[in-house]
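A short worksheet on the structure shown next.
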Amino acid sequence: MSTLSEKILKGDAGSFVDVVVDRALAHDGTGVQALIAFREMGAGRISKPDRVSIVYDHIVPANNSTTADLQAELRRFALDNGMDFHDIGEGICHQVMSEGSVTPGEIVVGADSHTCTMGAFGAFATGVGASDMASIWATGETWFKVPETINIRLEGKLSKYTEAKDAALRYIGLLGAGGATYKAIEFTGDNNLEMDDRLTISNMSIESGAKAGLFYADDVTCRYLRDHGRDAVPQKAEDCDYIREETIRLDDLEPLLAVPHRVDDVKPVSDFEGTPLDQVFVGTCTNGRYGDLKRFADIVKGKRVKVRTIVVPASRAVLLKAVDTGVLRDIIESGAVVGNPGCGPCLGAHQGVLGEGETGLSTANRNFRNRMGVGAKYFLSSPTTAAFSALKGEITSPGDFL
């Protein structure tokens, strides 16, 4: 029987296939690079502009005049060519595409490694380089080697203080940073995971080297998409051959950290309890959704954070819901700073870069050396762990501070 990737790509693992791309996306960083390549290859027009999205999310608002000039040029190009353009403040490309743009069975290609996020919908979603993206702009097509597949079974229910982020860190720790290189990961099992949880788990599949990380679309998926005005049909999982299988019992998970400077160096939060922090950051395409903000707000409500804390919603829709429900007020009253929707300090461009020698706790997906500040170090955690730690000013196990 075929894996989900084999079904979507219509080929056996190891074969090479030419495919039509259902949705292509780039952001203000990679879009500029793709535009240069597009012009260098002499392409005259965008093949299917309605299927191409440009989302300004990485360095927004622009941090200097050079950035502003580059963004202005790409903005004009996108609008002149009828592309699906999302300007500053609309949110992170992966979250924007997750709010009704992607449906099960589609092939989604983005000029950003975390495009794998959309695998949560049962789509084959993966990242490519800028020159590949330029070719997709010109032809509407690309090619893949169909990947072999690893199965991660997620069984049981998350407890009060554990989250999908902890499950993601757990499987990254199991596989290692290169353990799934050019493989697909299928997430299966009997569990209580909602769409926001699945988006977090699929998002981090690239941190093990995976080409894609997919959930099968089911009733949870279809309900979510209906709420966003899209119809979808569930996908049926079949018995198939996996090259590796692992099982994670969600009931047994404890709060986890990725320790500087590797995402796959995963340890219990309790091992680093008491580590002083200079900054806590909640947001990114991994953990900037409404549920993440609400969990953080529920913990800090009526209290004050003891370290500078930055919260960045993943999209305008997330921000508006946080406003409407009072979540944003609770976050602000705790002493945290709220940024505009986008990537924030995740990529180390602006809006909260750490100083040399400082230590941060982040809900992002990467803690590579010098990523969020030269000479700084940063741990990765769930929003729940981040909230308890912000209240104490040091790494704190969830539940230890009430």
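The values are calculated or read from the model by the stated rules, or taken from the named source; none is laboratory data. What you see is a predicted model; the values in this text were computed from it and never measured. Positions of Cβ are backbone-derived with ideal geometry, glycine not excepted, and every protein chain shown enters the neighbour counts.
Is one or more of the residues making up region 236-259 touching a residue at least 60 places away in the same chain (Cβ under 8 Å) and more than 24 Å from GLU186 (Cα to Cα)?
The answer is yes, given that some residue of region 236-259 is touching a residue at least 60 places away in the same chain (Cβ under 8 Å) and more than 24 Å from GLU186 (Cα to Cα).
Among the numbered criteria (1) touching a Lys or Arg at 6+ places or on another chain (Cβ under 9 Å); (2) more than 30 Å from GLY100 (Cβ to Cβ), which single criterion is violated by PHE272?
Here PHE272 clears every test but (1).
Which residues, counting only those in region 106-160, are among the hydroxyl-bearing types (Ser, Thr, Tyr) and over 19 Å from ALA237 (Cβ atoms)? If you could, list the steps in order and put the result at the bottom.
Looking only at region 106-160, we keep the residues that are among the hydroxyl-bearing types (Ser, Thr, Tyr), and these are 113, 115, 117, 126, 131, 135, 139, 142, 149, 159.
SER113, THR115, THR117, THR126, SER131, SER135, THR139, THR142, SER159, listed by residue number.
Being within 21 Å of GLY335 (Cα to Cα) and either charged (D, E, K, R) or not in a loop (DSSP other than H, G, I, E, B) (or both) is the filter here; which residues of region 266-287 pass it?
PRO276, ASP278, GLN279, VAL280, PHE281, VAL282, THR284, ASN287
State whether one or more residues within region 104-115 are under 23 Å from the mean Cα position of the chain (by Cα) and of a type in the set (Ser, Thr, Tyr). Full working, then the answer.
Restricting attention to region 104-115, the residues satisfying the condition of being under 23 Å from the mean Cα position of the chain (by Cα) are 104-115.
Now narrow it down to the ones that are of a type in the set (Ser, Thr, Tyr): 113, 115.
Yes; the residues of region 104-115 include at least one that is under 23 Å from the mean Cα position of the chain (by Cα) and of a type in the set (Ser, Thr, Tyr).
If ASP324 passes every condition in (1) within 27 Å of THR117 (Cα to Cα); (2) at pLDDT below 95; (3) among the acidic types (Asp, Glu) but one, which one does it miss?
With (1) within 27 Å of THR117 (Cα to Cα); (2) at pLDDT below 95; (3) among the acidic types (Asp, Glu) applied to ASP324, the lone miss is (2).
Within region 1-56, which residues are assigned to a helix (DSSP H, G or I), surrounded by fewer than 18 Cβ atoms within 10 Å (Cβ to Cβ) and not assigned by TED's automatic domain parsing to the domain that holds GLY119?
LYS7
Looking only at region 192-216, filter to residues that are among the small types (Gly, Ala, Ser) and crowded, with 24+ Cβ neighbours inside 10 Å; which one of those is nearest to ALA237 (Cα to Cα)?
Only one residue fits best here, namely GLY213.
Out of the residues in region 104-119 that are of a type in the set (Gly, Ala, Ser) and touching a His at 6+ places or on another chain (Cβ under 8 Å), state the one that is surrounded by the most Cβ atoms within 10 Å (Cβ to Cβ).
GLY110
Name the residues in region 87-103 that are crowded, with 23+ Cβ neighbours inside 10 Å and of a type outside the set (Val, Ile, Thr), would you?
Within region 87-103, GLY91, CYS93, HIS94, GLN95, MET97, SER98 qualify.
From (1) without any contact (Cβ under 8 Å) to a residue 60 or more places away in the chain; (2) over 18 Å from ALA212 (Cα atoms), pick out the condition that doesn't hold for THR139.
Going through the list (1) without any contact (Cβ under 8 Å) to a residue 60 or more places away in the chain; (2) over 18 Å from ALA212 (Cα atoms), THR139 breaks only (1).
Just one of (1) closer than 30 Å to HIS228 by Cβ; (2) among the aliphatic types (A, V, I, L, M); (3) crowded, with 20+ Cβ neighbours inside 10 Å trips up VAL280, so point out which.
(1)
Do we have ARG170 as more than 21 Å from ASN81 (Cβ to Cβ), basic (Lys, Arg) and part of a strand (DSSP E or B) here? So that I can check it myself, show each step before the final result.
Details: more than 21 Å from ASN81 (Cβ to Cβ): yes; basic (Lys, Arg): yes; part of a strand (DSSP E or B): no.
The answer is no for ARG170.
Within region 341-351, does at least one residue satisfy the condition of being more than 22 Å from the chain's Cα centre (by Cα), of a type outside the set (Lys, Arg) and crowded, with 18+ Cβ neighbours inside 10 Å? Before you say what the answer is, go through the steps one by one.
To start, the set of residues in region 341-351 that are more than 22 Å from the chain's Cα centre (by Cα) comprises none.
Checked against the condition, which is being more than 22 Å from the chain's Cα centre (by Cα), of a type outside the set (Lys, Arg) and crowded, with 18+ Cβ neighbours inside 10 Å, region 341-351 yields no hits at all.
So, GLU155, is that one crowded, with 23+ Cβ neighbours inside 10 Å and more than 20 Å from GLU99 (Cβ to Cβ) or not?
Numbers: crowded, with 23+ Cβ neighbours inside 10 Å: no; more than 20 Å from GLU99 (Cβ to Cβ): yes.
The answer is no for GLU155.
Test GLY189 against the stated conditions and say whether it is surrounded by fewer than 18 Cβ atoms within 10 Å (Cβ to Cβ), in contact (Cβ under 8 Å) with a residue 12 or more places away in the chain, of a type outside the set (A, V, I, L, M) and within 13 Å of ILE152 (Cα to Cα). Working first, answer last.
On the way: surrounded by fewer than 18 Cβ atoms within 10 Å (Cβ to Cβ): yes; in contact (Cβ under 8 Å) with a residue 12 or more places away in the chain: yes; of a type outside the set (A, V, I, L, M): yes; within 13 Å of ILE152 (Cα to Cα): yes.
For GLY189, the condition - surrounded by fewer than 18 Cβ atoms within 10 Å (Cβ to Cβ), in contact (Cβ under 8 Å) with a residue 12 or more places away in the chain, of a type outside the set (A, V, I, L, M) and within 13 Å of ILE152 (Cα to Cα) - is met.
How about region 292-336: which of its residues are surrounded by 23 or more Cβ atoms within 10 Å (Cβ to Cβ), under 24 Å from THR359 (Cα atoms) and of a type in the set (Ser, Thr, Tyr)?
Listed by number, the list holds a single entry, THR309.
For ALA314, are the conditions met, namely being among the aliphatic types (A, V, I, L, M), in contact with a His (Cβ under 9 Å, 6 or more places away or on another chain) and within 14 Å of ASP292 (Cα to Cα)? Show your work before the answer.
On the way: among the aliphatic types (A, V, I, L, M): yes; in contact with a His (Cβ under 9 Å, 6 or more places away or on another chain): yes; within 14 Å of ASP292 (Cα to Cα): yes.
Against the criterion (among the aliphatic types (A, V, I, L, M), in contact with a His (Cβ under 9 Å, 6 or more places away or on another chain) and within 14 Å of ASP292 (Cα to Cα)), ALA314 qualifies.
Working only within region 273-302, note down all residues that are of a type in the set (Phe, Trp, Tyr) and either at pLDDT below 95 or over 14 Å from the mean Cα position of the chain (by Cα) (or both). Spell out the reasoning first.
Step one: list which residues in region 273-302 are of a type in the set (Phe, Trp, Tyr), which gives 281, 290, 296.
Listed by number, the residues that qualify are PHE281, PHE296.
Going by what's in this entry, would ASP196 be described as touching a residue at least 40 places away in the same chain (Cβ under 8 Å), in a loop (DSSP other than H, G, I, E, B) and of a type outside the set (A, V, I, L, M, F, W, C)? Write out each step before concluding.
On the way: touching a residue at least 40 places away in the same chain (Cβ under 8 Å): yes; in a loop (DSSP other than H, G, I, E, B): no; of a type outside the set (A, V, I, L, M, F, W, C): yes.
Judged against the criteria, ASP196 is not a match.
Test VAL146 against the criterion of being closer than 21 Å to TYR216 by Cβ, surrounded by 19 or more Cβ atoms within 10 Å (Cβ to Cβ) and either touching a Lys or Arg at 6+ places or on another chain (Cβ under 7 Å) or at pLDDT below 95 (or both), and give yes or no. I'd like the intermediate steps shown before the answer.
Details: closer than 21 Å to TYR216 by Cβ: yes; surrounded by 19 or more Cβ atoms within 10 Å (Cβ to Cβ): yes; either touching a Lys or Arg at 6+ places or on another chain (Cβ under 7 Å) or at pLDDT below 95 (or both): no.
Judged against the criteria, VAL146 is not a match.
When both residues are 6+ apart or on different chains and their Cβ atoms are under 7 Å apart, which pairs have a first residue that lies in region 287-300 and is closer than 19 Å to TYR224 by Cα, and a second that is among the charged types (D, E, K, R)?
As it stands, the answer is ASN287/LYS165; ARG289/ASP196; TYR290/LYS321; GLY291/ASP196, since those pairs meet every condition given.
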